[in-house]
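Novice: Please find one structure pasted underneath; my questions will follow.
The values are calculated or read from the model by the stated rules, or taken from the named source; none is laboratory data. Small disclaimer: the values here were computed from a predicted structure and weren't measured. Don't worry about glycine lacking a Cβ; one is built from the backbone with ideal geometry, like all the others, and counts go over all protein chains shown.
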Amino acid sequence: MYDYKFLDVEEIQANDTDIFKKKFLNKKPVVIRNFFSNCRAAKCWTNEYFEEKAGRKKVKVTRGIGGKYTNSYLTLKEYLKWLDGDNSRDRTKDEEFYYMCNNTLEMIDSILVNDFNFTPKIFVGEWYMKNFIKIMPVYYGNKNMVTPLHYDSLGAHNSFFQMRGRKLFILIPFEQIDNCYISSDGGNSLVDFEHPDFLKFPKFKNVTPIKADLNSGDLLYLPPYTLHYVKGKEINISMNIEWHTKDSVLKTFTSGYTKSLRHFYWNFLFILGLWCYVPNSLIIMIYKMRFRLL
């Protein structure tokens with residue numbers, strides 16, 4: 001990797017809710033250490049546990065090879081066997097791989113929902129609290145899994161829960177987005193973060209990346225449109241929720257950084273919920289289809 005000069009992410013405690021609201025909400029990334037380390041999921045989620053509970057269930061996985069990606073389906077047991085074998089070696093970026101990243105707990109097995117036995121307090125928007133677990137995808141990967149530099153096109157706040165294992169996040173604040181050469185359809189940076197071509201992308205030299213090492217039980221908060229590059233350090237399980245406030249959902253329609261019609265559609269649903277008081281249960285029921293369609 002290129003020799004960046006990283007800043008370290010700021011950290012707060014779970015009871016620092018006033019500090020979060022004043023200093024970080026909609027402003028800066030922050031890690032809440034050990035926020036849910038006593039949660040049943042953080043304690044018991046392992047490959048063996050998932051295989052025991054849902055090993056025969058079919059799960060959707062992304063299959064990648066040669067820069068092309070398709071959806072595929074494996075039993076969870078098959079995926080975990082592949083994952084463990086892949087973790088035991090160093091895979092080249094041109095080799096075929098699988099990544100389980102677009103399933104909610106309900107899609108895997110509803111019994112796993114019971115392991116998420118804690119309340120995320122203010123780190124998930126109040127409107128979402130009733131049904132937030134239903135719209136949280138599971139990311140199940142290993143040391144070879146890398147997500148290239150990108151921002152979340154929904155333009156929402158992002159609360160990222162490191163359920164098990166360790167993961168590295170590299171963050172670039174929204175204020176530096178003009179140095180990141182975003183693709184024309186939005187979301188993805190054209191820069192290879194580990195090996196940047198400064199002749200082709202000279203402004204990328206001006207970025208000041210922030211490093212966040214996440215351990216089991218940690219929560220990472222990202223303001224809207226924060227760019228992030230993600231790499232596993234070992235076999236790990238994560239979940240996240242993208243959530244809006246009344247202000248953030250309106251800004252997605254004028255920011256210029258949300259470009260896809262499907263993202264406008266999902267955000268319109270949240271306008272109906274946050275501004276028009278359409279029942280949360282109805283909006284979430286429709287929004288869950290997003291993970292079926294990905």
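Novice: So which residues in region 75-88 are surrounded by fewer than 18 Cβ atoms within 10 Å (Cβ to Cβ) and in contact (Cβ under 8 Å) with a residue 24 or more places away in the chain, if there are any at all?
Specialist: Listed by number, the residues that qualify are LYS77, ASP84.
Novice: Consider TYR139 against the criteria (1) surrounded by fewer than 18 Cβ atoms within 10 Å (Cβ to Cβ); (2) touching a Ser or Thr at 6+ places or on another chain (Cβ under 8 Å): it satisfies all of them except one. Which criterion is unmet?
Specialist: (1)
Novice: A further question on this structure: Does region 109-119 include one or more residues that are farther than 30 Å from SER183 by Cβ and aromatic (Phe, Trp, Tyr)?
Specialist: yes
Novice: In addition: So, of the residues in region 192-241 that are polar (S, T, N, Q) and under 25 Å from VAL124 (Cβ atoms), which turns out to be surrounded by the fewest Cβ atoms within 10 Å (Cβ to Cβ)?
Specialist: That would be ASN215.
Novice: Moving to a separate point now. Using the structure shown, decide if ASN15 is in a loop (DSSP other than H, G, I, E, B) and touching a residue at least 12 places away in the same chain (Cβ under 8 Å).
Specialist: The answer is no for ASN15.
Novice: Something else about it: For region 189-294, give me every one of the helices (runs of 4 or more DSSP H) that falls completely inside it and has 1 or more residues that are out of contact with any Cys (no Cβ under 8 Å at 6 or more places or on another chain), of a type in the set (Asp, Glu) and at pLDDT 95 or above. I'd like the intermediate steps shown before the answer.
Specialist: Numbers: elements: 246-251, 261-274, 280-287, 289-293.
Those helices (runs of 4 or more DSSP H) span 246-251.
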